[in-house]
Amino acid sequence: MQNNTFSTLFVGQNLIKLSAVDSTNNFLKSLLSKSEPLPEGTVIMADDQFAGRGQQGNVWHTETGKNLTFSVLLKPSFLLLANQFLLNMAVSVAINRALVKYLGNDVKIKWPNDIYYGNKKIGGMLIENTIVGTTIKSSIIGIGLNINQQHFPTHLVDSATSLYRILQENVNLELTLAEICSHIEVAYLHLRAGKDSIIKEEYIKNLYKIDMQSSYRQNGEVFEGMITGVTEQGLLNVMIAGRLG
Ligand code: BTN
C-alpha cells in the first residue's frame, strides 16, 4: 500500500503492512521497545493476524485478507492517567464517525469500546498504555473491524456482523483504513487541544442503548435499567428503577 492514500498529518504516515503476524499490538509493542524512536501515528496492519488478542484475554478471530486488523501508536503524554478513558472515547468516536459514512446512524458504541450495528458487533479495540508516573507515555491502540467477511463461525453468527453482511458488497480495505486514521487524528487533536467536551458529548450521544430501558446482568443478578451516561472515570451510569446505580 502506498502511504499517499493518507491525507493525515501523522496518523498512518508511517505505515507498516505485514502479510502475517501473531498480533499487530504485539508487533508494535516489540518495535517500540527497540532503541530507535518510533514516530507517533505509526500504524501496523496485517492481512493475517493468527493470534489476535481481544478484551479480557479473549481471542480475536478474523478471516485472512477480509478485515481490518491494525494498531496505532499514540503518545498522549498530555493526558493524566486519571483521564485515560478520554482516549478510549476519542478512538471510539472516530471509528463511529468513519462507519456512519457506510452504515448510517445505526452504528453505535457499546460501552466501553465495541462498535455495534443493531445488536451485533462489527469490531472492537484493545488499548494498551505504558504509564510513567501519572501520565500516559505511549498508547498502542489495536483495532479489529469486520469488513468483508461474509461468513462467521456458528458461535458468532448471532452476535457478530460485518460491513459486507450489512451492505452486501465489498468495501475497499485500504481506503477505509485511511478514513479511520484520519478520523482518529481529528478526534485525538481535539483531546490534545483540550476540547474534551466535544468527544464526551459525541461518545455519550452514540452509546448503544443510551436512554433506553433494558435488562442488565451484574454479579449474576438480572435487573432492568437505563444507561444515562458515563462518569469521568469511564464507568457507566445506569438508572435502576428510578435511581442512579
Ligand atoms: C475486542 O473487542 O475484544 C477487542 C478486539 C481488538 C482486536 C484488535 S485486531 C488488531 C489488534 N491486535 C490484536 O491482537 N488485537 C487488536
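The values are calculated or read from the model by the stated rules, or taken from the named source; none is laboratory data. It should be emphasised that the depicted structure is a prediction, and the values quoted were computed from it without experimental measurement. No Cβ is skipped: glycine too gets one built from the backbone with ideal geometry, and neighbour counts run over all protein chains shown.
What to note about this one:
- The strands (runs of 3 or more DSSP E) found entirely in segment 1-111 that carry 3 or more residues being hydrophobic (A, V, I, L, M, F, W, C) are 15-21, 43-49, 68-74.
- Residues that are β-branched (Val, Ile, Thr) and surrounded by 22 or more Cβ atoms within 10 Å (Cβ to Cβ) were ranked within segment 63-79; the one that is farthest from the ligand (Cβ to nearest atom) is VAL72.
- Single match in LEU177, LEU191, LEU207 (criterion: modelled with pLDDT of 95 or more and farther than 14 Å from ALA94 by Cβ): LEU207
- Residue match in segment 213-227 (condition: on the phi > 0 side of the Ramachandran plot and either of a type in the set (Asp, Glu) or at pLDDT 95 or above (or both)): no
- Index of the failed condition, LEU15 passing every other in (1) of a type in the set (A, V, I, L, M); (2) surrounded by 16 or more Cβ atoms within 10 Å (Cβ to Cβ); (3) in contact (Cβ under 8 Å) with a residue 60 or more places away in the chain: (3)
- Candidates ASN25, ASN58 - the one that is closer than 15 Å to LEU145 by Cβ and either free of Cβ contacts under 8 Å to residues at least 12 places away in the same chain or out of contact with any Phe, Trp or Tyr (no Cβ under 9 Å at 6 or more places or on another chain) (or both): ASN25
- Top-ranked residue in segment 132-166 [being in contact with a strand residue (DSSP E or B) (Cβ under 7 Å, 6 or more places away or on another chain) and farther than 21 Å from ASP48 by Cα; ranked as farthest from the ligand (Cβ to nearest atom)]: THR134
- Output for segment 197-245, where each listed residue is acidic (Asp, Glu) and surrounded by fewer than 16 Cβ atoms within 10 Å (Cβ to Cβ): GLU201, ASP211, GLU221, GLU224, GLU232
- All positions within segment 43-53 that are surrounded by fewer than 16 Cβ atoms within 10 Å (Cβ to Cβ) and within 9 Å of the ligand (Cβ to nearest atom): ALA51
- In the set ALA82, ALA94, ALA90, only one residue is in contact (Cβ under 8 Å) with a residue 24 or more places away in the chain, within 16 Å of the ligand (Cβ to nearest atom) and either of a type in the set (A, V, I, L, M, F, W, C) or closer than 24 Å to LEU9 by Cβ (or both); that residue is ALA94.
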